[in-house]
Amino acid sequence: MATSPVMVEVDLWGSGRLAGHLRVPQSRDDSGWGTIQVPIVVIANGTGPTVLLTAGNHGDEYEGQVALLDLARTLPAEEVQGRVILLPAMHYPACAAGKRLSPLDGRDFNRCFPGDPFGGFALSLAHFVDSVLLPLCDVQMDLHSGGTGMDIVPSAVGHMLDHPEMQARTLAMADAFGAPVTLLLKEVNAGPTLLAAAENRGVVALSSELGGGGRLNPRALAITKRGVRNVLRHAGVLQGKPEIGEYGHPRRMTVPDLGHYVFAPADGIWEAAHELGAAVQADAPAGLLHRIEDPTAPPIALSYKATGLLWCVRHAGRVKAGDPVAVIARDL
């Protein structure tokens, strides 16, 4: 495997609280040797497992970024047994711009794994995370939310795995995170994601969906802050048992296939029939798609294809053909 060109300013094997940057090469017209600085914090003490926590995979998803900034400031090194690696703004150019996609090349960083060391910023950074950081890890969690376009019931999210033991360990860690929902997700184009890269390396790994709508949701942030510490407790890096939220134990659910999605058949303005978190029935009205280009035509009525929890809704009013406007989760 090719050596990563990403330079690390901190000692990944050091002790205490170490803060610095990953320097990812980014040549420009006016800076041939330029780099982009990606913040990294390592908090290590004694012996124990290594946990990699990442946020800002998409720059418009804020709960994870703020929760990891809080953890970077407040987690005492002396309470750690093992190592915690934090990337609170992993896809830094997108985080700085508040956008899902990279302002450098339009890439979705979470569709860049396992990466390419010489493929430009996003692919080079993905290669570093996959080839350098993941092999150090026992546990990895990548914190997401719905971003600008979607709003989602706060959930710890895993993939459906063929390996029963890894599936059980994933579910146990998701339950420990302590969101209202523990979800196994059939994801659109999951193969090039960080979650899939971690799974491919045998790392117990989770993603999440923690709100959205292009804002920092206070309730979802509180869930995230508690959840990341719960993951560290579950892994044995922190002492104590995971804390249970005010809603009790997580509800185990699944989105098992694309039949649980409602996709817009045309461009338009989406009028949802239900609020996020509603209980809905298959064949019930999901909402109306209004088409401004044809003022006399009736709106297109869409229906749910599954019964369950309205787990994810379209937040942005304007949609394009092929966009999901609703996702239904059912009990696992």
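Among the residues that make up region 72-94, is at least one of them among the basic types (Lys, Arg) and under 19 Å from Val6 (Cα atoms)? Let's see the steps before the verdict.
Taking region 72-94 as the starting set, the residues that turn out to be among the basic types (Lys, Arg) are 73, 83.
Next, only the ones that are under 19 Å from Val6 (Cα atoms) stay: none.
Among the residues of region 72-94, not one is among the basic types (Lys, Arg) and under 19 Å from Val6 (Cα atoms), which makes the answer no.
Please work out which one of (1) part of a helix (DSSP H, G or I); (2) among the small types (Gly, Ala, Ser); (3) under 18 Å from the mean Cα position of the chain (by Cα) is the condition Ser124 fails and give its number. Checking Ser124 against (1) part of a helix (DSSP H, G or I); (2) among the small types (Gly, Ala, Ser); (3) under 18 Å from the mean Cα position of the chain (by Cα), the one that fails is (3). From the list Ala190, Ala197, Ala222, the one residue that fits, being out of contact with any Pro (no Cβ under 9 Å at 6 or more places or on another chain) and either under 15 Å from Tyr247 (Cβ atoms) or modelled with pLDDT of 95 or more (or both), is Ala222. For region 69-112, the set of residues classified as among the charged types (D, E, K, R) and closer than 16 Å to Thr54 by Cα consists of Asp70, Arg73, Arg83, Arg100, Asp108, Arg111, listed by residue number.
Identify all residues within region 182-197 that are at positive phi and surrounded by 16 or more Cβ atoms within 10 Å (Cβ to Cβ); write none if there are none.
none
Scan region 203-223 and tell me whether some residue there is in contact (Cβ under 8 Å) with a residue 12 or more places away in the chain, of a type in the set (Lys, Arg) and part of a helix (DSSP H, G or I). Checking region 203-223: at least one residue is in contact (Cβ under 8 Å) with a residue 12 or more places away in the chain, of a type in the set (Lys, Arg) and part of a helix (DSSP H, G or I). Would region 262-270 turn up any residue that is over 27 Å from Leu75 (Cβ atoms), of a type in the set (Val, Ile, Thr) and over 14 Å from the mean Cα position of the chain (by Cα)? Yes; the residues of region 262-270 include at least one that is over 27 Å from Leu75 (Cβ atoms), of a type in the set (Val, Ile, Thr) and over 14 Å from the mean Cα position of the chain (by Cα). Hey, could you check region 205-218 for residues that are in contact with a strand residue (DSSP E or B) (Cβ under 6 Å, 6 or more places away or on another chain) and surrounded by fewer than 22 Cβ atoms within 10 Å (Cβ to Cβ) and say which is farthest from Gln140 (Cα to Cα)? This residue is Gly213. Among the criteria (1) of a type in the set (Val, Ile, Thr); (2) surrounded by 18 or more Cβ atoms within 10 Å (Cβ to Cβ); (3) in contact (Cβ under 8 Å) with a residue 60 or more places away in the chain, the one Thr3 does not fulfil is (2).
For region 73-92, the set of residues classified as of a type in the set (S, T, N, Q) and either over 16 Å from Gly46 (Cβ atoms) or in contact with a Cys (Cβ under 6 Å, 6 or more places away or on another chain) (or both) consists of Thr74 only.
The values are calculated or read from the model by the stated rules, or taken from the named source; none is laboratory data. Keep in mind that this is a model prediction, so the values were computed, not measured. Here Cβ is always computed from backbone atoms with ideal geometry, including for glycine, and neighbour counts include all displayed protein chains.
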